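Notes follow once the structure below has been shown.
The values are calculated or read from the model by the stated rules, or taken from the named source; none is laboratory data. Just so it is clear, the structure is predicted and the values come from calculations on it, not from any experiment. Counting neighbours? That spans all protein chains shown, and the Cβs are built from the backbone with ideal geometry, glycine included.
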Amino acid sequence: MSADCPTCLDPHDLSSQPPPDAAPRVAGRPPPLVPGQSSGKGGAGKAQRLARRLATNAALAEAADRAGKHEVAKALADCGHTQALWVCGACGKTSWVDYYCHHRLCAICGSMRQDERAARITAMAQGRSVRWLTLTQPRCKDVAEGVATIRAAFGRWRRLKVIKNAIVGGVYQIECLPKPDGWHVHLHALFEGGYLPKPIAWKTWAAALKIETASVNLQGAMGLGKIARYLAKYTCKPSDVAGNEARYIAMQADLTHSRLWGTFGTWHNALPKAKKPTPRACPHCGDTTGYVPVARGYCYFGRDWADVYDQLIGNSPTTRPRPPPQGEAAA
Ligand SMILES: [Zn+2]
Ligand SMILES: [Zn+2]
Ligand SMILES: [Zn+2]
């Protein structure tokens, strides 16, 4: 497996040389895509990507089970290929709904979230002068500490007058990659602004980190769509996770309350808002107010839930494998 963040540009790795298989840097060009990241949509490629994400989820679920996190394990194991039973409080009927777990580590939900975020970032950046920035710090043993350190340093750095003048606002993502000797925690940002000389960026970033030297990569954000997708990258890309499942599960626990993604400066609260999902409607009566997954039924039915459950669900299963799409043979 490649040793460094494959699309991040560069000396990321402060403790060693980039591996020989690292993507070559091309001056003035956006980082290359991770292999397989943006091949055409649909067809065999789509099925392959889904299969890879399901496999990643299965491996993560196994690691979660071993760590005693059985609920997380079940959510990840079921996502994307099962259906959950829903119950309607208005007409009293049940129906099956495709299940998505929305867990942060989920490779399937993460890729959907990535599409949505990337579209919002692209919309925001349209017509503005934006550049792409990668800030790195030395390897850390503790991932939560690494995130706290880089976040604090980024705040200090942006408040420096010289940086404030050059960087108006933008969107950042903190990326945590497991390495044999700890965590490689670094920050990517797409920012709007003017000229920021590299030597000043390097010097001030090291000062913000309170170390002698630190690496910064700055470049024009050509290929905005690709950059936006990268910036919206989800936590668990299959290629990063392979072999490190247990560490990702542990990382999730360490970073429960940490945001790894956000806007800053003039972009804060200016990014187009995520569309609120339209509430699901009962296929029998069209009601949207009392149509809920059985797993959350007690929240809606309160005291009556036990009765509702007995009458409507009884001993029938509440999850089932998702039926194959029409026109495809069952496996
Ligand atoms: Zn990176
Ligand atoms: Zn999911
Ligand atoms: Zn209904």
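Check A281, A166, A228 and return the single one that is touching a strand residue (DSSP E or B) at 6+ places or on another chain (Cβ under 9 Å) and at pLDDT below 90.
On the way: A281 fails: at pLDDT below 90; A166 fails: at pLDDT below 90.
One residue alone meets the criteria, A228.
Go through (1) among the basic types (K, R); (2) at pLDDT below 90; (3) part of a helix (DSSP H, G or I) one by one and return the number of the condition R259 breaks.
Among (1) among the basic types (K, R); (2) at pLDDT below 90; (3) part of a helix (DSSP H, G or I), R259 violates only (3).
Picking from A228, A189, which residue would you name as being part of a helix (DSSP H, G or I) and either buried (at least 18 other Cβ atoms within 10 Å of the Cβ) or acidic (D, E) (or both)?
Numbers: A189 fails: part of a helix (DSSP H, G or I).
Residue meeting the stated conditions: A228.
Every residue, every condition in (1) in contact with an Asp or Glu (Cβ under 8 Å, 6 or more places away or on another chain); (2) within 13 Å of ligand 3 (Cβ to nearest atom); (3) of a type outside the set (A, V, I, L, M, F, W, C), yes or no:
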position	(1), (2), (3)
W267	yes, no, no
A270	no, no, no
T278	no, no, yes
A281	yes, yes, no
H284	no, yes, yes
V294	no, no, no
L312	no, yes, no
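Restricting attention to segment 310-331, which residues are of a type in the set (D, E, K, R) and at pLDDT below 75?
Within segment 310-331, the first condition is being of a type in the set (D, E, K, R), and the residues that meet it are 310, 320, 322, 328.
Once the filter is applied, which keeps residues that are of a type in the set (D, E, K, R) and at pLDDT below 75, segment 310-331 yields only E328.
Just to be sure, is A201 under 28 Å from D254 (Cβ atoms) and buried (at least 18 other Cβ atoms within 10 Å of the Cβ)?
Working: under 28 Å from D254 (Cβ atoms): no; buried (at least 18 other Cβ atoms within 10 Å of the Cβ): yes.
Taking the combined requirement at face value, the residue does not satisfy it.
Looking at the structure I just gave you, is R139 in the same structural domain as A166 (by TED's automatic domain parsing), more than 20 Å from R158 (Cα to Cα), within 16 Å of ligand 1 (Cβ to nearest atom) and surrounded by fewer than 23 Cβ atoms within 10 Å (Cβ to Cβ)? Please lay out each step first, then the result.
Working: in the same structural domain as A166 (by TED's automatic domain parsing): yes; more than 20 Å from R158 (Cα to Cα): yes; within 16 Å of ligand 1 (Cβ to nearest atom): yes; surrounded by fewer than 23 Cβ atoms within 10 Å (Cβ to Cβ): yes.
Yes: the conditions hold for R139.
Please pick out the residue among A295, A306 that is in the same structural domain as H81 (by TED's automatic domain parsing), assigned to a helix (DSSP H, G or I), touching a Ser or Thr at 6+ places or on another chain (Cβ under 9 Å) and among the small types (G, A, S). Spell out how you get there, then give the answer.
Working: A306 fails: touching a Ser or Thr at 6+ places or on another chain (Cβ under 9 Å).
Result of the check over A295, A306: A295.
Could you please find all residues in segment 253-271 being farther than 12 Å from A189 by Cβ and in contact with a helix residue (DSSP H, G or I) (Cβ under 8 Å, 6 or more places away or on another chain)?
If we filter segment 253-271 for residues that are farther than 12 Å from A189 by Cβ, which is where we start, we get 253-260, 266, 268-271.
Selection gives D254, L255, S258, L260, A270, L271.
Step by step: first the residues of segment 81-98, then only those that are crowded, with 20+ Cβ neighbours inside 10 Å and not β-branched (V, I, T), then the one that is nearest to ligand 3 (Cβ to nearest atom). Which residue is that?
Initial filter on segment 81-98 (crowded, with 20+ Cβ neighbours inside 10 Å): 85-88.
Narrowing further to those that are not β-branched (V, I, T): 85-86, 88.
Details: L85: 13, W86: 9, C88: 3 Å.
The residue in question is C88.
Output the residue which, of all residues in segment 149-184 that are surrounded by fewer than 16 Cβ atoms within 10 Å (Cβ to Cβ) and among the small types (G, A, S), is nearest to Q126 (Cα to Cα).
Among them, the one singled out is G155.
Could you list, in sequence order, the residues of segment 242-253 that are out of contact with any Pro (no Cβ under 9 Å at 6 or more places or on another chain) and assigned to a helix (DSSP H, G or I)?
Listed by number, the residues that qualify are E245, A246, I249, A250, Q252, A253.
Restricting attention to segment 153-207, and to residues there that are within 12 Å of Q137 (Cα to Cα) and of a type in the set (A, V, I, L, M), which single residue is farthest from the chain's Cα centre (by Cα)?
Applying the filter and picking the extreme gives A207.
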